[in-house]
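So the structure is just underneath, and the comments pick up after that.
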Amino acid sequence: MQLEIWSDVVCPWCAIGRANLQVALADHPRRDQVEVRWRSFQLDPAAPPAYDEPYVQRLATKYRTSEDEARAMMARVERAGAAAGVEFDFAAARSGNTVDAHRVLHLAHERGVQDRVKARLLAGVLSEGLPVSDHAALAAAAAEAGLDRDEVSEVLAGDAYADAVRADVEVALELGISGVPFFVLDRRTGVSGAQPPQVLRGAIDQALASVGPLTTVAGDDDDRDHDHDPGDACGVDGCTL
């Protein structure tokens with residue numbers, strides 16, 4: 001069974017969703033039958049290579065709120081991350097255009113280390129201030145996760161995998177995906193948002209046992225808490241905060 005996840009490396013809920021998926025698969029008896037594939041989704045395809053202003057200032061501008069309220073939003077996401085074992089440092093985070101990061105992830109898929117590179121880029125961007133469009137920084141981070149630095153640099157110097165990124169985005173539109181993370185199991189079952197491990201595991205079990213058109217799985221009210229709606233996600237208009 002193929003489990004495809006559309007996501008972006010500047011999306012905190014995508015990092016939480018990945019952590020929850022790791023838990024869901026950790027002791028699954030059919031784990032070896034699940035092929036995880038990360039797909040490209042750009043939350044802001046028109047973004048410049050990098051934004052100059054601090055994360056909190058850009059967040060306040062985006063949501064037309066005060067910086068104090070933006071900090072409260074960030075704190076909520078940080079608490080949700082901590083509960084999933086994910087550390088965020090939004091004071092260090094810098095956003096920007098992610099197309100090159102996605103191109104690296106397509107290379108990583110071909111080399112068999114995509115999930116490791118995905119995890120490294122998410123941590124770098126959201127916790128360490130890695131400049132997401134800087135070629136040298138991307139190559140260094142990808143090399144730490146198992147890719148050859150020179151090969152990554154060569155890919156980034158040209159336009160390799162740009163068509164693959166666009167193809168992923170087009171499929172997302174065809175499937176009606178407007179927010180990430182979005183999990184698609186064998187193109188039959190869809191799970192929207194950073195759902196908890198038990199919801200993801202249930203969807204995996206359902207997909208392993210069923211056939212038919214794409215259906216979307218939603219979490220139960222019991223999966224909610226005061227800080228985290230299990231459907232939390234990032235979309236083109238912003239992240240759930």
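By its C-alpha gyration tensor, with a ≥ b ≥ c as the square roots of the eigenvalues, how is the chain shaped: rounded for a/c under 1.5, else prolate for a/b larger than b/c, else oblate?
Cα axes put the chain in the oblate bin.
Averaging sequence separations of C-alpha pairs under 8 Å and six or more residues apart, then dividing by the length of the chain, give the relative contact order as a whole percent. Please report the intermediate quantities before stating the final value.
Details: 428 pairs, mean separation 67.6, N = 241.
Answer for the chain is 28 percent.
So if R0 is 51 Å, what FRET efficiency would Asp150 and Gln198 give, r being the distance between their Cβ atoms, rounded to the nearest 0.05? Approximately 0.75, to the nearest 0.05.
Taking springs between alpha-carbon atoms closer than 10 angstrom, which of Glu174, Glu87, Glu144 fluctuates most in the Gaussian network model of the chain? Most flexible of the set in this elastic network: Glu174. Placing +1 on the Cβ of every Lys and Arg and -1 on the Cβ of every Asp and Glu, with nothing else charged, gives the chain a dipole about its Cα centre of roughly 260 debye.
Once you order the gyration tensor axes a ≥ b ≥ c over the Cα atoms, which shape class does the range 4-47 get: rounded for a/c under 1.5, otherwise prolate or oblate by comparing a/b with b/c?
Numbers: a/c = 6.22, a/b = 2.15, b/c = 2.89.
Judged from the Cα gyration tensor, the range 4-47 comes out oblate (a/c at least 1.5, b/c at or above a/b).
Between the range 67-100 and the range 1-55, the C-alpha centres lie 15 angstrom from each other. Counting other Cβ atoms within 10 Å as a rough exposure proxy, the listed residues Arg120, Arg37, Arg76 run Arg37, Arg76, Arg120 from fewest neighbours to most.
When you count the other C-beta atoms within 10 angstrom of each residue and take the mean per peptide, 7-17, 105-115, 23-33, 65-75 line up highest first as 7-17, 105-115, 65-75, 23-33. Amide H contacts of Trp38: Ile5, each under 5 Å away and 5 or more positions distant or on a separate chain (H built 1.01 Å from N in the peptide plane; Pro and chain starts excluded). DSSP beta bridges fully contained in the chain are about 55 percent antiparallel. Sequence-ordered 3J(HN,Hα) estimates for the range 124-134 from the Karplus curve with 6.51, -1.76 and 1.60 and θ = phi - 60° stand at x, 6, 8, 10, 10, x, 4, x, 5, 10, 7 Hz, glycine and proline given as x.
Every number here is computed from the coordinates shown, using simple stated rules; none is lab data. Computed from a prediction, not measured in an experiment: that's the story for all the values here. Every residue, glycine among them, receives a Cβ derived from its backbone with ideal geometry; neighbour counts consider all protein chains shown.
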